[in-house]
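Here's the structure we're looking at; comments come further down.
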Amino acid sequence: MKSHARVVVIGGGVVGTSVLYHLTKAGWRDVLLVERAELTSGSTWHAAGGMHTVNGDPNVAKLQQYTIQLYKEIEAISGQSCGVHITGGVMLAGTRERLDWLKMAKARGRYLKMELEILSVDEAAKLFPLMDKRHFVGGMYDPIEGHVDPYGVTHAYAKSAQIGGAEIVRHTRVTDLRARSDGTWDVITDKGNVRAEHVVNAAGLWAREVGRMVGLELPVLAMEHQYLITGDMPELAGRKEQLHAIDFEGEIYLRQERGGMLMGTYERAGVPWSPLQTPWDFGQDLLPNDLERIAPSLAVGFEHFPSLEPAGIKKVVNGPFTFAPDGNPLVGPIKGLRNFWVACGVMAGFSQGGGVGLALSRWMVDGDPGADVWGMDVARYGDWTTLAYTNAKVRENYSRRFSIRFPNEELPAARPLRTTPIYEHLKAEHAVFGDYCALEHAQWFAPSAQAAHDEVSFSRSNSHPYVAAECRAVRDAVGLLEISNYGKFEVSGAQAAPWLSSIMANRIPPVGRIALSPMLNERGKLIGDFTLCRLAEDRFFLVGTYAAETYYLRWFERHAPPAGVSVRPCAMQYTGLSLAGPHSRALLQSVVRDDLATSAFPFMSFRRMEVGMVPAYVGRLSFTGALGYELWVSSEYQRALYELLMNAGRDYGLKLFGGRALNAMRIEKGFGTWAREFRPIYGPLEAGLGRFVALDKGEFVGRAAAAEEKEKGGALRLQCFKVAAGDADAIGDEPIWHEGKPVGWVTSGAYGHRVDASLALGYVPAELAAADSGFEIEIIGERRPALRLKEAPVDPAGSSMRI
Ligand SMILES: Cc1cc2nc3c(=O)[nH]c(=O)nc-3n(C[C@H](O)[C@H](O)[C@H](O)COP(=O)(O)OP(=O)(O)OC[C@H]3O[C@@H](n4cnc5c(N)ncnc54)[C@H](O)[C@@H]3O)c2cc1C
């Protein structure tokens, strides 16, 4: 084994070998993969090898498409067969809701250029004759589903990488990792040490243990997973096309395996494997079968596919593989650890391994993953992912693998975990909570304790009339919203302003003022949107997206502030409340001594004030677009502030409102938000943020690319649409049609209660941004006429927030 390498990849499963191959493909040849045993000795060797293109996140779906298309390439380079069988697959629906869900998946597939087809029960039965039609209402066909040989795929990646210059050592275990002060690593193994510029943790089943070597507790947990293979079935004798299906309601997947069927299940009572510590001596082992545990799924399988039972069970496989709490991979660099990268938690290695390898290799070589990988970025998690939290969430995710997640559905596991001081107060007002980064926040307020729950649905739900009343209160009087679920940072020091100016696209505000600013990467794409509040010459309070806190901190670390500038994340030290609506000023004025008249405290002002007895930062702005204020207080004051405002509010018609009303109101104003309208695939001009990019202020990250976008005009435009919806509004990811062709996609949708209209925000090609007619938005399989609005439907001039 060599003693120096540019990269050491730890782990020779499908993911590690894919990373290795992609690094060589990107031109890095001095790369070494270290494998504890033989290649595939983790979860890879016993996988069923199934692959699918459909994924809830369109950006992850694109990487899955890439993975499936890659197999030809690595077969050609390596001469090693991947055993690819593209059989096409049928996704079976047992209920109307499931069929609606499939229609939505098909619609999303349109702009991903997937050729999905909705099937009647009879059509589905032609493609998958083993089914008993009585249990199904229809299905969907994906022509590029199939399966591969896990051994073949892993060795094809490995050989292709070796041909590209990589070295692979087997039977060598990494036992420790030591960071050097110059950012390089000593990789300690049981066969000697390697000095590496970069280390990649692709240790699969042991990724958590390798993480612990560098002080990380990665949110991954292995679950036991079982599949069985039946004896030969006369129904399959002589069949040319191989059968492949998912029965969602039965929670099983099936595919032909020689003369029989392979049937796997994500059972409700899933069991974690090695929840605390993965044993190092686990190799190409299987776990004892537990048919008892999957008996309910087997019973359903035998009922839905009657010819399976008489075929008998020839073989059972029970093996562990790892999941992150949301079931998506964990990929990317780690904040605080130079040159340490992860590619783990990959639960669908044969659909996702190629995309993960591609994204990570680009990130390492070019400094950017080259695609929108927010959905699998390791930085989407923070400190709250304790071992027990991960355990609860992974078990929930596993048991719901084939369940529908409705747009208004909040999942119950690991809750409540994080609460703010007014949690019980809001509960007493019948708040229906959602969780965001494990923090409870009110979605809407029900009229009674009995009514305080969501009836989940793709259509407008039971919360609709109550959210409407909350929006009307903001329109006509005043509403109070908890806004603790934002990310916050204190930035201070003599050089704080120039440093912020070098990473933010907008001008830095003067003292006492607020500026909204996009943050761009070098490619000029959006990687954040911030509210910059200036407290003093050398002190700033930044508000951004809480889920992106680690992501931002990692970026700040990369564009390190000069000595003397301190950047402190303080999300949970400051909790917040927001007042919005025409009476908000009078209400707040009744409890502060400062003059709140526009002449004294205009729109976009920021100042420390005493609100009753409570010291607070007060900003004059509101994401609702109404006249409004945001109040930030050190958390121990939040309860007192809440009680003060609620009491004072009685005279002003104050009503509590929640996240759903806020979402509807920001869409009415055409305001975008992170992870929906703002993502690293859009430029600021495309996203309608051009006016917040100060190209003339001097150099900043992404300036050249933003200038180019401005000159060339950008490819896309964010637009607001009024949709002739039925009883279901757009929620996001629906295709936008223009004159009979899918041309774009929705990023957010909601019912706009202040204007009584169903609304959607979405991207269309720039050349269609001026088209007045011909748009449709496909909601649950139906193309609904959509009117492109020339301006935001509520207060387009923004006069009410400036009054
Ligand atoms: C029963 C079953 C069925 C499945 N079916 C499918 C399917 O149909 N389709 C699909 O896409 N996925 C399926 N999977 C999941 C799939 O197996 C995983 O997504 C995939 O194997 C993850 O690969 P990996 O490379 O991340 O991890 P692993 O395969 O666990 O590889 C990690 C490697 O790292 C090595 N290693 C760990 N620590 C060290 C160290 N300290 N030093 C050196 N080497 C180390 C290990 O020996 C191992 O070889 C299934 C899994 C199971 C268990």
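The values are calculated or read from the model by the stated rules, or taken from the named source; none is laboratory data. Every value quoted in this text rests on a predicted model; they were computed, and no experiment measured them. Counting neighbours? That spans all protein chains shown, and the Cβs are built from the backbone with ideal geometry, glycine included. Quick note on the areas: whole protein, heavy atoms, side chains included, nothing else; ligands and nucleic acids left out. Shrake-Rupley method; radii C 1.70, N 1.55, O 1.52, S 1.80 Å.
Close amide H partners of VAL346, meaning residues 5 or more places away or on another chain with modelled amide H under 5 Å apart, are LEU330.
Stokes-Einstein, applied to the Kirkwood radius of the stretch 601-682 over Cα pairs at a viscosity of 1.306 mPa s and 10 °C, places its translational diffusion at 108 µm² s⁻¹.
Top to bottom by accessible area (1.4 Å), largest first, where do HIS425, HIS22 land? Display every interim value, and only then the final one.
Numbers: HIS425 55, HIS22 5 Å².
Final ranking, largest accessible area leading: HIS425, HIS22.
To the nearest ten degrees, helix 58-78 and the longest principal axis of the Cα atoms of the chain are 30 degrees apart. The stretch 587-651 and the stretch 205-250 have Cα centres lying 53 Å from one another. Scaling against 2.2 N^0.38 Å puts the C-alpha radius of gyration of the stretch 192-277 at 1.66. Of the trypsin sites (Lys or Arg not before Pro) found in the stretch 379-416, those that fall in a DSSP loop while having at most 12 other beta-carbon atoms within 10 Å are ARG405. Distance from the alpha carbon centroid of the stretch 260-333 to that of the stretch 7-31 works out to 29 angstrom.
For the stretch 91-125, the set of GluC sites (Glu not before Pro) satisfying both a DSSP loop assignment and a count of at most 14 other C-beta atoms within 10 Å is given as GLU115. Each of SER120 and LYS697 was given a label point 7 Å from its Cα along the Cα-to-Cβ line. The distance between the two points is 6.1 nm.
As a check on your grasp of the helix formula, calculate [θ] at 222 nm for the chain: sum -39500 (n - 2.57) over DSSP H runs of n ≥ 4, divide by the residue count, round to the nearest 500. Working shown, then result.
Details: 19 runs with 200 residues, N = 803.
Using -39500 (n - 2.57) per qualifying helix, the result is -7500 deg cm²/dmol.
Axis of helix 464-476 versus longest Cα principal axis of the chain: the two differ by about 30°, to the nearest ten degrees. Size descriptors for the chain (Cα atoms only): Rg and Dmax, in that order, 27.2, 86 Å. With a simple spin-label model that places each label point 7 Å from the Cα along the Cα-to-Cβ direction, the separation between ARG239 and MET613 comes to 7.4 nm.
Heavy atoms only, probe 1.4 angstrom, no DNA, RNA or ligands counted: give me ASP247, ASP435 ranked by accessible area, highest first.
If we order ASP247, ASP435 from most to least accessible, we get ASP435, ASP247.
Kindly flag which residue pairs out of LYS62/LYS126; LYS25/LYS62; LYS427/LYS655; LYS113/LYS133; LYS126/LYS240; LYS62/LYS106 have an alpha-carbon separation exceeding 18 Å in this structure. Violating the 18 Å limit, Cα to Cα: LYS62/LYS126; LYS25/LYS62; LYS113/LYS133. Start at zero, step by 10 Å, and the Cα-Cα distances of the stretch 392-460 spread as 19, 47, 30, 4 percent across the bins. A probe of 1.4 angstrom, applied to the heavy atoms of all protein chains, finds ASP281 with accessible area near 130 square angstrom.
Rolling a 1.4 Å probe across all protein chains gives GLU249 an accessible area of roughly 70 Å².
How large is log10 I(q)/I(0) at q = 0.26 Å⁻¹ when the Debye formula is applied to the Cα atoms of the stretch 511-589, each weighted equally and without solvent? Taking Cα atoms of the stretch 511-589 as identical point scatterers yields -1.48. Evaluating kT/(6 pi eta Rh) at 37 °C and 0.692 mPa s, with the Kirkwood radius of the stretch 372-429 over Cα pairs in the Stokes-Einstein relation, gives 236 µm² s⁻¹. Checking every one of the trypsin sites (Lys or Arg not before Pro) in the stretch 93-138 against DSSP loop status and a limit of 11 other Cβ atoms within 10 Å picks out LYS113. Within the assembled protein chains, the solvent-accessible surface assigned to LEU228 is about 0 Å², based on a 1.4 Å probe.
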